[in-house]
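Chemist: This is the structure I have questions about; it appears just below.
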2 protein chains.
Amino acid sequence: MTPAELTQYLHEKIPLTRAMELRVVSANRAEFIVTAPLEANHNHLGTAFGGSLSALATVAGYAFIWHELGDASAHVVIRDSSMNYRRPVRGELRAVCVMPSIEEIDAFRETFARTGKARLNLTVQIEDAAEFSGTYVALR
Amino acid sequence: MTPAELTQYLHEKIPLTRAMELRVVSANRAEFIVTAPLEANHNHLGTAFGGSLSALATVAGYAFIWHELGDASAHVVIRDSSMNYRRPVRGELRAVCVMPSIEEIDAFRETFARTGKARLNLTVQIEDAAEFSGTYVALR
């Protein structure tokens, strides 16, 4: 799937991503980046709403795993997550997945193929402003 | 502020809460509850989107603190949060604040009044499906 196809898929399946005007801008092995404009995602102080930042990072993780598995029969769910908010985001919201190692991805895929269930921990950086960490489980 | 006034305030200040159709249904010392319909907040599996659940809980905490402080000059920000997702939510999303003790609330208010800065940890339950924990800081 291209970034545009992935964006359209998310907008169709998860209506809140449409309201957030979320956009997948890169979806490849070198980088996986999801953005959203401040206009649709600000809080009472005019900076990015914490709920939008955590939703953006949550979707970035989901989308990364869907994209890596490339298996339409996989259900991806989130088990737990944490967010650290260091400073306000005053412009575009930009979530960048920290790439797991090739070994981690291969082990995740292999476990999923063999058992129909696999778990992956992902870190997503919101530039220098916030950090998300989430545990995802893929199920067939 | 009544629940309806608080809902309107949130919809005006944080546009994503309007897209979520978030509603404050109780705002008093006995209970503080915020809901949102599944229709606007489902994921690709037809259950509640994790990002909506975390945004709902984040707002519930913000709104609880605004309401408790009753001080329009207070800025409330979130420092960190965590979510545990135990099971899917198949109907209305419903976030219930776990009430801090009177002593904790009083200490929070007193510190804020004296120093212009105070911190509070809040737990928000999404029924039996998920649990949110967040650290909020109020600043003048």
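No value in this document is a laboratory result; all are computed from the given coordinates. Every value quoted in this text rests on a predicted model; they were computed, and no experiment measured them. Here the Cβ positions follow ideal geometry from the backbone for every residue, glycine too, while neighbour counts run over all protein chains shown.
Chemist: How many Cβ atoms of partner chains, on average, are near each residue of B:84-93 if near means within 10 Å of its Cβ?
Modeler: For peptide B:84-93, the averaged partner shielding equals 2.
Chemist: Determine the dipole magnitude for chain A: charges of +1 sit on the beta-carbon of Lys and Arg, -1 on that of Asp and Glu, nothing else is charged, the reference point is the Cα centre, and the result goes in debye to the nearest 20.
Modeler: Details: 14 positive and 16 negative charges, 64 e Å.
Value, rounded to 20: 300 debye.
Chemist: List the distances, in nm to one decimal, from the label point of B:LEU45 to the label points of the same position in every other copy, shortest first, placing each label point 7 Å from Cα along the Cα-to-Cβ direction.
Modeler: Spelled out, the distances from B:LEU45's label point are 3.4 nm.
Chemist: Also, quick follow-up: Rounded to the nearest 0.05, what FRET efficiency is calculated for A:GLU31 and B:TYR9 with R0 set to 30 Å and r the Cβ-Cβ distance?
Modeler: Working: r = 39 Å, r/R0 = 1.29.
According to the calculation, E is roughly 0.20.
Chemist: Test of understanding: ordering A:LEU38, A:LEU53 by Cβ neighbours within 10 Å, fewest first, what list do you get? Before the final figure, lay out each step's value.
Modeler: Numbers: A:LEU38 17, A:LEU53 29.
By the 10 Å Cβ count, ascending: A:LEU38, A:LEU53.
Chemist: Within a 10 angstrom radius of the beta carbon, how do B:ARG90, B:ARG23 rank from fewest other beta carbons to most? Don't jump to the answer; show the numbers that get you there.
Modeler: Numbers: B:ARG90 12, B:ARG23 18.
Least crowded to most crowded, the residues run B:ARG90, B:ARG23.
Chemist: Return the whole-Å distance between the Cα centroid of the range B:57-81 and the Cα centroid of the range A:59-114.
Modeler: 29
Chemist: Turning to a different aspect of this structure: Please state the charge dipole magnitude for the protein assembly as shown, taken about the Cα centre, from unit charges on C-beta atoms (+1 on K and R, -1 on D and E), reported in debye and rounded to the nearest 20. It would help to have the intermediate numbers written out before the result.
Modeler: On the way: 28 positive and 32 negative charges, 11 e Å.
That gives the protein assembly as shown a dipole magnitude of about 60 debye.
Chemist: Still on this model: For chain B, report the % of Cα-Cα distances exceeding 17 Å. Working shown, then result.
Modeler: Values: 5598 of 9730 pairs.
Tail fraction, whole percent: 58.
Chemist: Residue by residue through A:69-76, how many Cβ atoms from other chains fall within 10 Å of the Cβ on average? It would help to have the intermediate numbers written out before the result.
Modeler: Values: counts 0, 0, 0, 0, 0, 0, 2, 3.
Across A:69-76, the average partner-chain Cβ count within 10 Å equals 1.
Chemist: Oh, and also: Between A:GLU31 and the same site in the other copies, what are the distances in nm, shortest first, taking label points 7 Å from Cα along the C-beta direction?
Modeler: 4.8
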